[in-house]
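Worksheet: one structure, shown below.
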Amino acid sequence: AQSVTQPDIHITVSEGASLELRCNYSYGATPYLFWYVQSPGQGLQLLLKYFSGDTLVQGIKGFEAEFKRSQSSFNLRKPSVHWSDAAEYFCAVGLNRDDKIIFGKGTRLHILP
Amino acid sequence: EPEVTQTPSHQVTQMGQEVILRCVPISNHLYFYWYRQILGQKVEFLVSFYNNEISEKSEIFDDQFSVERPDGSNFTLKIRSTKLEDSAMYFCASSAAGEIRSEQFFGPGTRLTVL
């Protein structure tokens, strides 16, 4: 069965430090890949997506992610985090066009001042 | 910028009561979805809807659940007889049809509390 794994439940970084959130997926073909962010009590905001082409994708709020087929990974990165980045981050995959999205369990990001 | 809207933002109901959660997808979108997120857990797919019928549903989406597009703008999720375990945040999403894969746009969610 298809699955998405986010191995880190919580991550704490200092403001201004770099960030990498890990995501691995299990699927036989190349899926469509997404990162969503959810602030407390809020909905889901799309940070970035990978459908095809360049494996390094740029998103909003200074985030980027790199698709590595050989590692079945789609890690999210940001060179310098801001206190406002504290939130829950979900990696997700879609299998076919307009298909359901399968979410990982999320990584909660904490920012130290 | 067009967005998906959901009403109400918070619904409190008694166990066994029927609830209807409402969504207004983005106007030119043709694929519609419901997801739920139990507090502290991941977002789970419930159902997808296209061309006035269910495309796919998860095992969560049992006979107590139904979806409907009663008019050209609304997309509803009905829970016939709510259970305590139905307490969750329910997200509606929509995506455009076409040859190119389109992302799903999510609404802000309805928090359902079953007492």
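The values are calculated or read from the model by the stated rules, or taken from the named source; none is laboratory data. Remember, it's a predicted structure, so these values are computed and weren't measured experimentally. Virtual Cβ from ideal backbone geometry, glycine too; neighbours counted across all protein chains shown.
Structural remarks
- Residue list for the stretch B:61-99, filter: buried (at least 16 other Cβ atoms within 10 Å of the Cβ) and hydrophobic (A, V, I, L, M, F, W, C): B:61, B:65, B:67, B:75, B:77, B:79, B:88, B:89, B:91, B:92, B:93, B:96
- Residue list for the stretch A:40-55, filter: away from chain B (no Cβ under 11 Å) and out of contact with any Phe, Trp or Tyr (no Cβ under 7 Å at 6 or more places or on another chain): A:40, A:53, A:54
- Residue tally, condition at the interface with another protein chain (Cβ under 7 Å from one of its Cβ atoms) and not in a strand (DSSP E or B), over the stretch A:98-108: 5
- Residue within the stretch A:8-25 that is among the hydroxyl-bearing types (Ser, Thr, Tyr), part of a strand (DSSP E or B) and within 12 Å of chain B (Cβ to nearest Cβ) present: no
- Checked against the criterion of being among the small types (Gly, Ala, Ser), more than 12 Å from the chain's Cα centre (by Cα) and at pLDDT 95 or above, the candidates A:43, A:53, A:62, A:28 yield just one match: A:62.
- Residue that is more than 10 Å from the chain's Cα centre (by Cα) and within 30 Å of residue A:6 (Cα to Cα), where the choices are B:85, B:53, B:18: B:85
- All of B:39, B:115 fail the test of being surrounded by fewer than 20 Cβ atoms within 10 Å (Cβ to Cβ), touching a residue at least 60 places away in the same chain (Cβ under 8 Å) and of a type in the set (A, V, I, L, M, F, W, C), apart from B:115.
- Elements of type strands (runs of 3 or more DSSP E) in the stretch A:37-97, at least 2 residues being without any contact (Cβ under 8 Å) to a residue 24 or more places away in the chain and closer than 27 Å to residue B:110 by Cα: A:45-50
- Evaluating residue A:111 against the criteria (1) among the aliphatic types (A, V, I, L, M); (2) within 14 Å of another protein chain (Cβ to nearest Cβ); (3) in a strand (DSSP E or B) leaves one unmet condition, (2).
Here is a yes/no grid of residues against (1) under 26 Å from residue B:54 (Cβ atoms); (2) surrounded by 22 or more Cβ atoms within 10 Å (Cβ to Cβ); (3) of a type in the set (Phe, Trp, Tyr):
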{"position": "A:78", "(1), (2), (3)": "no, no, no"}
{"position": "A:87", "(1), (2), (3)": "no, no, no"}
{"position": "A:96", "(1), (2), (3)": "yes, no, no"}
{"position": "A:99", "(1), (2), (3)": "yes, no, no"}
{"position": "A:104", "(1), (2), (3)": "yes, yes, no"}
{"position": "A:111", "(1), (2), (3)": "no, no, no"}
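Matching residues to (1) of a type outside the set (S, T, N, Q); (2) at positive phi; (3) in contact with a Pro (Cβ under 9 Å, 6 or more places away or on another chain):
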| residue | (1), (2), (3) |
| --- | --- |
| A:5 | no, no, no |
| A:18 | no, no, yes |
| A:25 | yes, no, yes |
| A:31 | yes, no, no |
| A:36 | yes, no, no |
